[in-house]
């Protein structure tokens, strides 16, 4: 089985880390095809960056579709462009944010999210409300660590994340933690051990969900908002993406 | 990997059908250990049957734990006894109802459930509200087919289920269907083909989710309501189940 | 009028305390028929104990029906087995949890619950959501007092409960308190006096609601999930409970 | 026990009917003290009438307090002026709307309301949302019968109400009906018999709830919005109501 | 354009302050017609005062209608009598509470309200739930400043309000503040400057919304709860208000 | 006052129609600065088109900021890119979808939306949930008229929209209609007259709200998700948009 995992930002080292996290959990026969766009921002921190990451990310989706992947994973915790990708792709598409929320819902009545910057709290809350899972989330916390600060092993960043987990257990009655950034994919095991509760990494979660959908033969419904886009003219540098 | 799937009713032919559905979708290395209790009702149709199915089901969970399974699946769409099982087991536990809802949420903005009898509509709605996914479900419909009527290939039953799917697409704006009974596990592919939309069987969905949790090394949090039960005296025929 | 009040655990001293609380508030002509099962756990603290308390509790319901009671009260704050009991009984059935919530809603815009152990917080929250009254409840607090520690007059336990009430008034804007355990039935008056706000005991509340339903001639609707269970075979030690 | 039941409109025949319904269900020792204001509208049909019914109704509350009643019932299904009455009175106050909703919640998972005119649907929906019980109500239906048309035995009015009940069972999955007007108090038994489901009259429901609160020694909390009004100057014809 | 702004209490100095705030923001051609009732309380602090302020307020609405105003504003943050006024008036009616909430929703994902006394928190929360905007409001805070204490420039009162804003930013993640009393209309600019976030005064907000509705030619729908009241008899000192 | 209104698609005739609708309702001193991007799709019908319309739309926002406009309006009913625009702009930003919802909330308890194609129903529902106004919307209906079919006076399109309005009044209890496409801006008056209820055009609504925000001196809060984007590298054809 061939899974496409797209890092919607342009930072190659982050793509490599994501790919490693994905491969670590993938089944024996699964090939992880990790990509990143050549246009867009080096990291996604809030609504503005999201807007400019989406076209490039959708380009990766389109290319991977042509290459015959069986499922797509969008490896940004804001699930950047997820709805558009579902309309664009024949194969199913999973965001690592929703993946983390769904998997955490299977092992805890109530989870907390620890993300990078405060600017991402509301986007994540909007997604939780959209997915219907807001009631399961005790609180979205920000460690105030920029995304790229996670690229190198960084004791200060880890300490800030750990401090938020401690607070989530003590103050929010969190039973599990969902890590709120693809760049935290390598920290889950260590933090779970330190704090004695399940810590969910969305990248790994999404890989198992994507494998599941493929095995089940399920793909995005065409009956509603994910119907194939109507053919029409697109202008300018994005013209090549016209449906 | 060894997965325990428990049919909480005592009908062996239904256990066999469930096991077959599970094996059809399991990974190469997964062993499906299907069980059913020796005490309890022959089918579960509403709150009363649920109550008497739970002790036997929890007995199966306990035995399977001793046998070293890595995850449990409760194969009744009401997710009978799921919360108690999570407290009882070290391995993670998934209900086929929640499994169906979560997987459907990844491929459709809005799904409908088609279950057996009207008496199960409210129990399923309560679960949807508990899980936080009520907003994703357009409607829970009953085909008015008893559970055991599904045991043999039955054109009338299939017709009633199909009629409800037609109505769900036309009247509820359903984009996907979740089949609301373990006994429907063999119908998903046929109904999906007939109606041209994704049809999710909870048994198969739960197998892939259980495999996913095991690969991710995730199990039920002990910090909240699923902490191990306190040691105490149990009396009467159920005394052997004392924690 | 004859009311059946069932303590779903097997601790006779607790049944006696519950019966006393019920008789203290019952009308002149009401007979309180207090029972407890002979099978099941000595106390109910969380989902696992609930599962094994239900069959015995339903046995009490069945016997009391035969004895011609006009209403049933389930005297465990988790409303253990309430839905199954409604399907099983011709007479109406009330849980002391829901009774406390409904009565508190008549005298306060916003109440808090103080229960025994943290493991009961989520079960109570699930009930509040199921009943539709979650918005009325400011917070469910646990005093971390085991159920049976309430059986004897216990200054330490009372102190812990009182501390939570103080916090609920100060931090949660609670206007009234609902005591979250049948074993607290004797504490309501004292705590109300100490804290200067209404304190609702679910046992007493349920007695007046049950008397009300009987006077009104109202009993559980048979049109939905509480339709009489379909006749079917039950096996094993619980076979005698077959509908 | 002395209960005050106030019909907030000025139609004496309706007060008499309400008093009769109350007395029919009250306990042996309960005295029903029925009143109506001398100022205000002859019937309450929507928000405008409500506004002018409240001062007179609060005058009745004040007088009944002086006369030492132990609880008040506001006998208009919109629960007209309920919040103000709670702040004004030492004794507890119950609206017949909320009484009907709470009692119906004890005997059905899902109820419908059948009220008089379409203009009352939204006021009732607002109350359901305020009380937290909106999720329990399948639908509020209007029979398009003016309030005063119910004052005399009226086959046409009864037929319209009955038609809505039929529709609520068939289309809304209603398991019980709450009659949405004090003027329907005499119809509950007949409609329950005709349709084979519980039909709740708010007047009778409120009487049993009021008796219950008095027995429980519970009255409105003073900690929140129902604190006694601050002393201040009132001008004009309503000056006499100054707190 | 002629806008009617009614201060529902009888304090003329407060009406003057409200009128000034309204004129400061009104368009060049807008005439502000500020009124106050001659009957009712000197200030509105909670449900009881509201009840007695409404008839006089509706009298002002009626007179202003006769004088041909094009829109009405109710200048009490509880939106006292708003629903009745909508049924009474041909011109559209806006409450300053809802005006503040709607405008704050356009500039912040999440706002907090700072009002006068604790008794007003629940009435405001009820309105937020009724309007559907409760999810946008982080918290309603009370500065514990009586309404009339705001009539004269008052450093202590300002300090208490400012303290709550500080807490709302720090503890509630508030991005904007809505001032919860018409008497605070002169404080918005100063507090916005001090705290570095948008501070919305409902009076000014309502003026621009009213101007907008008039320009759009929009007025209250007659199809639902705001249909014109049915003609009927009113008795007593309020008889003159009969529809 | 200078208002920027951006049509996020590239169809100039639609921009002209939008500008005309805006000018028709703007105050005397307001200059309407209407723009459209040179890159992106000719119409926006669902999530995919949205994704490619946003960068060009944000380019217009940026240019208009440089030109000193005092507020921005995004004239696509899906409020395409609204959150990103708020982070990008110093001046406040309003979407015509939210504008329609807020204005309709001031004149009706319950409104319905009539939009173009079924693919837009879910995006609009997501927005309603995000804004908190889902409870105010009875239903989102699609007339199945493509966006560009509205560009020329089109009896068939008008007829389909009118049919949906009829259904919304009859079946959804809608009291007002919000037109769900910028291309319907010229139809509001005619449809309101035909159906006898308020019909809200989001373009006109947004103009008055934008004028209001400017008069009030309110702009987007910088404290939360709309903080200015952090400076970082953007690559490829969208590099020029780097914050």
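Looking at (1) surrounded by 21 or more Cβ atoms within 10 Å (Cβ to Cβ); (2) within 21 Å of residue E:206 (Cβ to Cβ); (3) in contact (Cβ under 8 Å) with a residue 24 or more places away in the chain, can you tell me which one residue E:186 breaks?
Going through (1) surrounded by 21 or more Cβ atoms within 10 Å (Cβ to Cβ); (2) within 21 Å of residue E:206 (Cβ to Cβ); (3) in contact (Cβ under 8 Å) with a residue 24 or more places away in the chain one by one, residue E:186 breaks only (1).
Looking at residue F:237 and the list (1) in a helix (DSSP H, G or I); (2) in contact with a helix residue (DSSP H, G or I) (Cβ under 8 Å, 6 or more places away or on another chain); (3) touching a residue at least 60 places away in the same chain (Cβ under 8 Å), which single condition is not satisfied?
If we test residue F:237 against (1) in a helix (DSSP H, G or I); (2) in contact with a helix residue (DSSP H, G or I) (Cβ under 8 Å, 6 or more places away or on another chain); (3) touching a residue at least 60 places away in the same chain (Cβ under 8 Å), just (3) comes out false.
Restricting to helices (runs of 4 or more DSSP H) lying wholly in the stretch A:62-171: which have 3 or more residues that are surrounded by fewer than 21 Cβ atoms within 10 Å (Cβ to Cβ) and modelled with pLDDT under 95?
Details: elements: A:82-88, A:96-105, A:121-131, A:155-171.
In the stretch A:62-171, the matching helices (runs of 4 or more DSSP H) lie at A:155-171.
Determine if the stretch F:146-153 includes at least one residue that is more than 20 Å from residue F:75 (Cα to Cα) and over 19 Å from the mean Cα position of the chain (by Cα).
No, every residue in the stretch F:146-153 fails to be more than 20 Å from residue F:75 (Cα to Cα) and over 19 Å from the mean Cα position of the chain (by Cα).
Kindly evaluate residue F:179 against the criterion of being within 11 Å of chain E (Cβ to nearest Cβ) and outside any helix (DSSP H, G or I).
In short, no.
Please work out which one of (1) touching a helix residue (DSSP H, G or I) at 6+ places or on another chain (Cβ under 6 Å); (2) in contact (Cβ under 8 Å) with a residue 40 or more places away in the chain; (3) not assigned by TED's automatic domain parsing to the domain that holds residue B:53 is the condition residue B:78 fails and give its number.
(3)
Only one of (1) in contact (Cβ under 8 Å) with a residue 60 or more places away in the chain; (2) closer than 19 Å to residue A:122 by Cβ fails for residue E:170. Which number is that?
(1)
Every residue in the stretch C:27-44 that is closer than 26 Å to residue B:87 by Cβ and touching a helix residue (DSSP H, G or I) at 6+ places or on another chain (Cβ under 6 Å), please.
C:36, C:37, C:38, C:39, C:40, C:41, C:43, C:44
I need the full set of residues from the stretch D:217-241 which are more than 7 Å from every other protein chain (Cβ to nearest Cβ) and at pLDDT 95 or above, in order please. Spell out the reasoning first.
First, the residues of the stretch D:217-241 that are more than 7 Å from every other protein chain (Cβ to nearest Cβ): D:217, D:222, D:226, D:228, D:231, D:239-240.
Those that are more than 7 Å from every other protein chain (Cβ to nearest Cβ) and at pLDDT 95 or above: D:217, D:222, D:226, D:228, D:231.
Looking at (1) under 28 Å from residue D:26 (Cβ atoms); (2) part of a loop (DSSP other than H, G, I, E, B); (3) in contact with a strand residue (DSSP E or B) (Cβ under 7 Å, 6 or more places away or on another chain), which is the only condition residue C:28 fails?
(3)
So how many residues does the stretch B:143-174 have that are under 26 Å from residue F:142 (Cβ atoms) and within 14 Å of chain C (Cβ to nearest Cβ)?
Qualifying residue count for the region: 0.
Check off (1) touching a strand residue (DSSP E or B) at 6+ places or on another chain (Cβ under 6 Å); (2) more than 8 Å from every other protein chain (Cβ to nearest Cβ) for residue E:118 and give me the number that stays unchecked.
(2)
Checking the structure you have, find out if any residue of the stretch B:194-216 is within 14 Å of chain C (Cβ to nearest Cβ), more than 30 Å from residue B:13 (Cα to Cα) and assigned to a helix (DSSP H, G or I). Give the steps one after another, and end with the answer.
At the first step, the residues of the stretch B:194-216 found to be within 14 Å of chain C (Cβ to nearest Cβ) are none.
No, the conditions are met nowhere in the stretch B:194-216.
Name, by its number, the condition in (1) touching a residue at least 40 places away in the same chain (Cβ under 8 Å); (2) away from chain D (no Cβ under 14 Å); (3) over 29 Å from residue D:100 (Cβ atoms) that does not hold for residue C:140.
It is condition (3) that residue C:140 fails.
Which condition number does residue D:39 fail, the rest of (1) surrounded by 24 or more Cβ atoms within 10 Å (Cβ to Cβ); (2) in contact with a strand residue (DSSP E or B) (Cβ under 7 Å, 6 or more places away or on another chain); (3) facing chain E (nearest Cβ under 9 Å) being met?
(1)
Could you list, in sequence order, all residues of the stretch D:146-169 that are touching a helix residue (DSSP H, G or I) at 6+ places or on another chain (Cβ under 6 Å) and either within 18 Å of residue D:199 (Cα to Cα) or not assigned by TED's automatic domain parsing to the domain that holds residue D:191 (or both)?
D:150, D:157, D:165
Going through the stretch B:5-25 one residue at a time, which ones are assigned to a loop (DSSP other than H, G, I, E, B) and surrounded by fewer than 21 Cβ atoms within 10 Å (Cβ to Cβ)?
B:11
Which pairs do you get when a residue that is within 11 Å of another protein chain (Cβ to nearest Cβ), found in the stretch A:52-75, comes within reach of a residue that is in a helix (DSSP H, G or I) and surrounded by fewer than 22 Cβ atoms within 10 Å (Cβ to Cβ), reach meaning Cβ atoms under 6 angstrom, with the pair 6+ apart or on two chains?
The qualifying pairs are A:52/F:241; A:71/A:214.
Looking at residue C:99, is it within 14 Å of chain B (Cβ to nearest Cβ) and closer than 19 Å to residue C:127 by Cβ?
no
What number goes with the only condition from (1) free of Cβ contacts under 8 Å to residues at least 12 places away in the same chain; (2) under 20 Å from residue F:125 (Cβ atoms); (3) within 14 Å of chain C (Cβ to nearest Cβ) that residue B:130 does not pass?
Failing condition for residue B:130: (2).
The values are calculated or read from the model by the stated rules, or taken from the named source; none is laboratory data. Quantities reported herein were computed from a predicted structural model and do not represent experimental measurements. A quick note on method: Cβ atoms are made from the backbone with ideal geometry, for glycine too, and the neighbour counts reach across all protein chains shown.
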